[in-house]
1. Among Met306, Gly285, Gly261, whose Cα projects farthest towards the positive end of the dipole of region 235-358, with charges put on the beta-carbon of Lys, Arg (+1) and Asp, Glu (-1)?
2. Summing Lys, Arg as +1 and Asp, Glu as -1, what charge do residues with Cβ under 13 Å from the Cβ of Ala97 carry, Ala97 excluded?
Amino acid sequence: MKYTVLVLSLALAGCATVVKDSPDARRTLATQVVNELGPDRLVASMRDQIHQFVGRNLLPGMSPEMKQRFEKQSAEAMAIMKKYVTPEKIRAAMIDAYAQTFTAAELAQLQTFYASDIGRALSARQADIAVKTLATLQPAMQQAMAEIRTTTMNRVLAAERTPIALAPPAAGTGNSEAVAKLAADLYPDAQARFRHAQQLAAEGKKAEALAEYLWCYDHGMRESSQYAGVRLSFLLRSLATLAHSYEPARQALYDRRDAAGARLHANAGDYAAQMDFAALNRELGDHAANLALFDQMPADARAREMFGRTVFDDLVAAKRYQDAVACRSYAQFHQLFATILASSRRQGFMGSAGSMFITRNGAAELEALAGAGDLDHARELLKQFREEDPSEATRRVLREHLERAGHPELIEDSKAPDASKT
């Protein structure tokens, strides 16, 4: 690299020809420089690099069907791009850029350099330099992307906390099935190995099933955000079922719970570790461990609030209503509820998703509000639930939670007609 810079400096120093600077002179000289650079070759090389990068990093993780679909769409997109971004337009854009950036004298020196042997060698090998640079940087880029994905996911989960994603899809929810199918297409190994583990467990091959389950938990599903909900719900439940009759599976759950606890000891704000710790404790039936960790965190710590949302149900079950609403306020739940309803309407399964969310998540929020004495917001929430799902089945669930909170009268108040309409 130092040799190239030295040669370039000597070549430019030797070009002492005085050139009058004018727009026409700049454009003429810029055209000569661009001709020496050969933009067509550079663009083609860049296109090949992009295709190779995609092939190495994306296509191997796809099923054959998904890979074929992706390659077809990529070819169509490239054809459209070539239609509008032609070599002529690229060449003209480069000429304009050079003419606007350099003086005529500088362009004359560049043209002389790129017309020399070393200049032509530099131009011809720019693509090779770019390829080698990318190859050297690729491991670092992959590490950076992995950390970016983890950090982004932690922030999104901390901000949104959408427990509905952990619930099994309701009957007839075509969109949920489509999402699951897409995940299976993109990450066939995790999907296939999970199903294989379930089959092994059904056949009584417990050691083999455990190995497959743990691969899915530790690697396959951890590395795919598509399976974040499945990993901490269906997968863990399958592991817990195996643990009832197979002690190594139970020990594996404890080992992973302890590992998540160690990560939290090092960084209480590690949201992924919080999610793992809480979910593992639920499957182990150790709800007290979740509450104990919550109590160890400083009352004003952001990590405590985040973990409180994760163990919200545990707080409500323990009738720690003030702690529950301090971690997830009415305003936060209201925003989440509105998001769920809007998404349900867009995707065409409004009733089933809304009812499921009310009974699984809304009822706990209602109990927390009523138990904490925030009766006005509890009444507002009941009104929203009644408008979304007036069924008797949902009403029974809400009544049970209000009775636990000591305010069964609220369910009767919700039947009263709106005074503003009388």
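1. Most positive-ward Cα: Met306.
2. +3
Bear in mind these aren't lab numbers, they're just calculated from the coordinates by the rules spelled out. Note that the coordinates shown come from a computational prediction; the quantities given were computed from them, not determined experimentally. A quick note on method: Cβ atoms are made from the backbone with ideal geometry, for glycine too, and the neighbour counts reach across all protein chains shown.
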